[in-house]
1. Could you say which residue among GLY72, GLY157, GLY77 is crowded, with 19+ Cβ neighbours inside 10 Å and at pLDDT below 95?
2. Please find, within the stretch 197-218, the residue that is surrounded by the most Cβ atoms within 10 Å (Cβ to Cβ) out of those that are in contact with a Lys or Arg (Cβ under 9 Å, 6 or more places away or on another chain) and of a type in the set (A, V, I, L, M, F, W, C).
3. Just to be sure I understand the filter: pairs with C-beta atoms under 8 Å, separated by 6 or more residues or on different chains, first member in the stretch 146-167 and charged (D, E, K, R), second member not in a helix (DSSP H, G or I). Which pairs pass?
4. Picking from PRO89, PRO99, which residue would you name as being under 26 Å from ALA330 (Cα atoms), surrounded by fewer than 23 Cβ atoms within 10 Å (Cβ to Cβ) and modelled with pLDDT of 95 or more?
5. It is to be established whether one or more residues within the stretch 266-279 are over 18 Å from the mean Cα position of the chain (by Cα), within 25 Å of THR216 (Cβ to Cβ), modelled with pLDDT of 95 or more and among the small types (Gly, Ala, Ser).
6. Hey, any hits in the stretch 219-237 for a residue that's touching a Ser or Thr at 6+ places or on another chain (Cβ under 9 Å), within 22 Å of LEU326 (Cα to Cα) and buried (at least 23 other Cβ atoms within 10 Å of the Cβ)?
7. Tally up the residues in the stretch 77-119 that are without any contact (Cβ under 8 Å) to a residue 24 or more places away in the chain, not hydrophobic (A, V, I, L, M, F, W, C) and not in a loop (DSSP other than H, G, I, E, B), please.
8. Kindly establish whether VAL276 is touching a Phe, Trp or Tyr at 6+ places or on another chain (Cβ under 6 Å) and crowded, with 17+ Cβ neighbours inside 10 Å.
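The values are calculated or read from the model by the stated rules, or taken from the named source; none is laboratory data. Everything quoted here is computed from the prediction, not taken from an experiment. Because the Cβ atoms are built from the backbone with ideal geometry, glycine has one as well, and the counts that use them run over all protein chains shown.
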Amino acid sequence: MATIDVLTSRQRLTAALKGEAYDRIPVNLLISDHAAQFANVSVTEYESSAELLVRGQIAAYRHYGHDVINVGPGLSGIPEAFGAQVQLPANSSPYVSAPAIQSLNEAVQLKSPDPESTARLPIFLEAAERAVREVGDEVLVSMTVAAPFTTACNVFGTERLLRELNRNALLVHNLLRVVTEGVLAFCRAAIARGARIGLADPTASGSVISARAFETFALPYLGELVQGIRQAGNGTPPTIHICGRSQKLWSHLADTGTSALSVDDVVDLAEAKAVVGHRTALIGNIRPTATIFLGTPADVHQNARECLRKAFDTPKGFILGLGCGLPVNAPRENVAALVEAAREYGRYPLSPEAFAA
C-alpha cells in the first residue's frame, strides 16, 4: 500500500542529500513545458508569461506531488538573449531556429545580456521570484540553464561549432568566454531571487564530442560556472545533467563540485554509483520516451524498481528521476505513477525487498 507523504518536498530532498531520515525517496520529474496543460494554455503562451509559468508549475506540483519545480529558461532562453532566433511552438518545447552570429569572429562583438531586461530572461526571473514567494517554503524552485558549451552551440550553430573545435580553437574559446559570463550573470540573478540552478549540457555529451574535446572546451567553463554559482548561492552548488553516454565524463563532472549528477537512461545507474556515487548524488534515470511517454503505469513502476535496485544506496544520495526532460504530452497517469512508485517502494529506510524484481 502506498504511503502518505509526511515531509514537505523541500524537507524530503534536503534530508535525502544529507543522509538523514526521510519519508520516501525524492522524485525529480524535470517538468518544463508539460506544465502548460495545467495552466490550460499553449506552450507558446506558457513560455511567454511569468504568471502562466508559475500557475502551470504549481498546479502540476499540486497534482503530482513531486519534489522540484522548474521555471526555465531551459536550453533556448539565454541563446535568445544573445540574439539567436527562437521558435515557440504551440505543442512542443522552444527551439533555436537561427544562430546569433554567422562567424566566430563576431564573438568579440557579443555582449553579455542583461538578465533584468533582455529577451525573455526577465519573465523567467519574475516567475522564479513568484514561485519562491508562493511555494518556496515547501518545494525547491529550480531553473534549468544551459551550460556554456551547449549555449555556445546554440549561439553559433551546433554543427558549425563542432567543426571549428580543431580548426579555430582560440576563437571557440573566445565565444565560450563571453557565453560563460552571460550564463553566470543570469544564474546570479536567479539565485538572488531564491531559485536553485540545474545545469544542462546535452551537446557536451560523450555521444556528441570526444572526451578530449570535453576536457578542452566544455569542462573549464562548466567548472568555472559551478564555482560561480556556489559563490552566489552561499556554497550551494548546482546539479548537472548530461545527455547520452557520459561515462568517460563522470569523474570530471564530480570534480566540478556539483551537488548531483543527472544521467541519461542510456547509461547504467549501477555503474554511475560505482564510479562517482561516493562523490556526488545521482538523479535518474527513468526512460522518458519508452516508459513515460509510450509505456503504461505498470511499466513506470517496473522501471522505478529497476532504478531503485541499482542506485538506492548511492553513498551521497539518490533522487528518482527521468533520464532526460519530461515529454510535453506525456500521459498524466504515467507521470503520476512515478511519484506513486516512490511512495510504494521508496519508504525510508530503503530496502531491496521493497523493489525486488
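1. GLY72
2. Across the stretch 197-218, the extreme among qualifying residues is PHE214.
3. Partner pairs satisfying both residue conditions: ARG160/PRO99.
4. Numbers: PRO99 fails: under 26 Å from ALA330 (Cα atoms).
PRO89 is the lone residue from the list that is under 26 Å from ALA330 (Cα atoms), surrounded by fewer than 23 Cβ atoms within 10 Å (Cβ to Cβ) and modelled with pLDDT of 95 or more.
5. No, every residue in the stretch 266-279 fails to be over 18 Å from the mean Cα position of the chain (by Cα), within 25 Å of THR216 (Cβ to Cβ), modelled with pLDDT of 95 or more and among the small types (Gly, Ala, Ser).
6. The answer is no, given that none of the residues of the stretch 219-237 is touching a Ser or Thr at 6+ places or on another chain (Cβ under 9 Å), within 22 Å of LEU326 (Cα to Cα) and buried (at least 23 other Cβ atoms within 10 Å of the Cβ).
7. So the count comes out to 6.
8. Values: touching a Phe, Trp or Tyr at 6+ places or on another chain (Cβ under 6 Å): yes; crowded, with 17+ Cβ neighbours inside 10 Å: yes.
Yes, satisfied.
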